[in-house]
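Here the structure is laid out as structure tokens; the discussion comes afterwards.
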Amino acid sequence: MNLLAALLIAAAGCAVALALMLRFKQYLPLDRPNARSLHEQPVPRVGGLAILAGVALAVASGLVPFGLAVALALALAALSFLDDLHHLPSGVRFAGHVAAAGVLAWYMLSPMQPVELVLIALAIAWITNLYNFMDGSDGLAGGMAVAGFGSYAIGAWLGGDAATALVSAALVGAAAAFLAFNFPPARVFLGDVGSIPLGFLAGGLGVAGWRNDAWPLWFPLLVFAPFIGDATVTLVKRLLRRERVWQAHREHYYQRMVRMGLGHRGTAAVAYAAMLICAAAALVGRAQAPELQAAVFAAVTLALAALAVWVDVRWSRHPRDARGSS
């Protein structure tokens, strides 16, 4: 019952905040089209503020605990909002992400071996950033938040981790309310102030659930596999081509799907199907024998790889002029 209440309170808070902000959208910071964009008109990028407002309302209600992960996510949101307004140097942003991930990993897992702590901190920092990379198509990041944190809420509840379940439920509610405004055609975007904290919490809460024995370590990787796989494979491919990976681009699989003709709605539909499959498989496999867990993880990984190959093949046949001008 508390999970549902946290979800509804956060959803209401986010929806009210978005409705109020969009009444004065002429004063809001805008996401203007650039080399990475798939949109053609400026769109307000304040959705993350509304999500944070919804979660803050759930915390203020006393239902959702205010732990270190939430506090650090708010700190990253403040840093990201400054970046949205003033375009901070990339080194400053990344240092903040790594510092927050390091503090959280140390707090949750110390006295784990230093090498393991560093690897987990870097993994949290990577998920923080890749969520931002994947926030480029209407409805995509919001849908991943609903599916991903929904899986966390259910998995943590089944595993007896009430704190993680409640925070995740609040995130589901706020993300669902945001998605109502972000589904194609989007009226508002997350902005870095939304995508960075969501990515950080995807990593941080995933580690928290593992520490609290709610799920195995592979669980968050599978839950967020549609984002982790796309961003990681795209980065590796660009590194192998010796491209400047820090520059804006439109080479992610979801970006290619939009540009190949699926559009934002079609891409969202394919992505939602992948997200639901990953979420369901992770929840079914989390409490099974190790051999079955490995089989579930391998099967879903192969399915996502097949989807990636399908996109690659279709992209190779896409007219070159359309690929360059889309």
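Does Arg250 fit the bill of being open to solvent by 20 Å² or more (accessible area, probe 1.4 Å) and assigned to a loop (DSSP other than H, G, I, E, B)?
Numbers: open to solvent by 20 Å² or more (accessible area, probe 1.4 Å): yes; assigned to a loop (DSSP other than H, G, I, E, B): yes.
Taking the combined requirement at face value, the residue satisfies it.
List the residue pairs whose Cβ atoms are under 9 Å apart, where the first residue sits in the stretch 235-251 and is under 14 Å from Met134 (Cα atoms), the second is among the basic types (Lys, Arg), and the two are 6 or more positions apart or on different chains.
Filtered contacts from the stretch 235-251: Ala248/Arg36; His249/Arg36; His249/Arg238; Arg250/Arg36; Arg250/Arg256; Arg250/Arg259; Glu251/Lys237; Glu251/Arg238.
State yes or no: is Ala105 crowded, with 18+ Cβ neighbours inside 10 Å and farther than 19 Å from Gly229 by Cβ?
yes
List every residue pair whose Cβ atoms sit under 6 Å apart, with the two residues 6 or more apart in sequence or on different chains, where the first one lies in the stretch 44-58 and is on the phi < 0 side of the Ramachandran plot and the second, anywhere, is among the basic types (Lys, Arg) and at pLDDT below 95.
Pairs found: Pro44/Lys25.
Out of all the residues in the stretch 109-119, is one or more touching a helix residue (DSSP H, G or I) at 6+ places or on another chain (Cβ under 8 Å) and crowded, with 24+ Cβ neighbours inside 10 Å?
no
Here are Gly206, Gly159: which of them is surrounded by fewer than 22 Cβ atoms within 10 Å (Cβ to Cβ) and under 29 Å from Ala294 (Cβ atoms)?
None of the others qualify; the one that does is Gly159.
Do we find that Gly173 is modelled with pLDDT of 95 or more and over 25 Å from Arg211 (Cα atoms) in this structure?
On the way: modelled with pLDDT of 95 or more: yes; over 25 Å from Arg211 (Cα atoms): no.
No.
Is it the case, given these coordinates, that Ser80 is hydroxyl-bearing (Ser, Thr, Tyr), on the phi < 0 side of the Ramachandran plot and within 17 Å of the chain's Cα centre (by Cα)? Before you say what the answer is, go through the steps one by one.
Numbers: hydroxyl-bearing (Ser, Thr, Tyr): yes; on the phi < 0 side of the Ramachandran plot: yes; within 17 Å of the chain's Cα centre (by Cα): yes.
Judged against the criteria, Ser80 is a match.
The values are calculated or read from the model by the stated rules, or taken from the named source; none is laboratory data. Treat the numbers as computed from the prediction; the structure is a model and nothing was measured. Methodologically, a virtual Cβ is constructed for each residue, glycine included, from the backbone with ideal geometry; neighbour enumeration extends over all protein chains shown. Each accessible area value is taken on the protein alone, full model and side chains, heavy atoms only, with ligands, DNA and RNA left out. Shrake-Rupley method; radii C 1.70, N 1.55, O 1.52, S 1.80 Å.
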